[in-house]
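Chemist: Right, I'll just put the structure down here and ask away after.
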Amino acid sequence: MKRALFLLSFLLAAPVLAIPLLAVPGLATPAFADGRGHDHDRAREALSRGEVLSLADILPAIEKRYEARMLEVDLEEKHGTYVYELELIRPDGKILEILVDAATGEVLRDRPHGHDGRSRKRRD
């Protein structure tokens, strides 16, 4: 029981403690998650070319919209489009997976973590 409470406390506190790191150049740029070399450099280059918005620009609105905090983020290129794959945790402990167009900040898809294969496409 104590271990579960510690783990939950850590999961809720860690993203809050990491928010100041978003202000440090380079740390707010997630690495590509495709396994190719120099992923961090490629992410920084995409940001400098204006192909993606910084995570610091996108994350506050996403966290507010879903009333959740970031646990993990990956920047990937899918079909010629950069997307942020975010994992968020809500105060009730539920984890969400959010797919965001990295160029516009538009939410493309959201679903609960461990979904059954059916995703909810956003129609806002």
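Chemist: In the range 73-104, which residues are under 19 Å from residue 47 (Cβ atoms), assigned to a strand (DSSP E or B) and without any contact (Cβ under 8 Å) to a residue 40 or more places away in the chain?
Modeler: 78, 81, 82, 83, 86, 99, 101
Chemist: When the range 71-101 is examined, which residues are found to be acidic (Asp, Glu) and loosely packed, with under 14 Cβ neighbours inside 10 Å?
Modeler: 92
Chemist: Next question. Of all residues in the range 49-92, which are modelled with pLDDT of 95 or more and of a type in the set (Gly, Ala, Ser)?
Modeler: Once the filter is applied, which keeps residues that are modelled with pLDDT of 95 or more and of a type in the set (Gly, Ala, Ser), the range 49-92 yields 61, 68.
The values are calculated or read from the model by the stated rules, or taken from the named source; none is laboratory data. Values in this document were obtained by computation on a predicted structure and should not be read as measured data. Neighbour counts run over all protein chains shown; Cβ positions are idealised from the backbone, glycine included.
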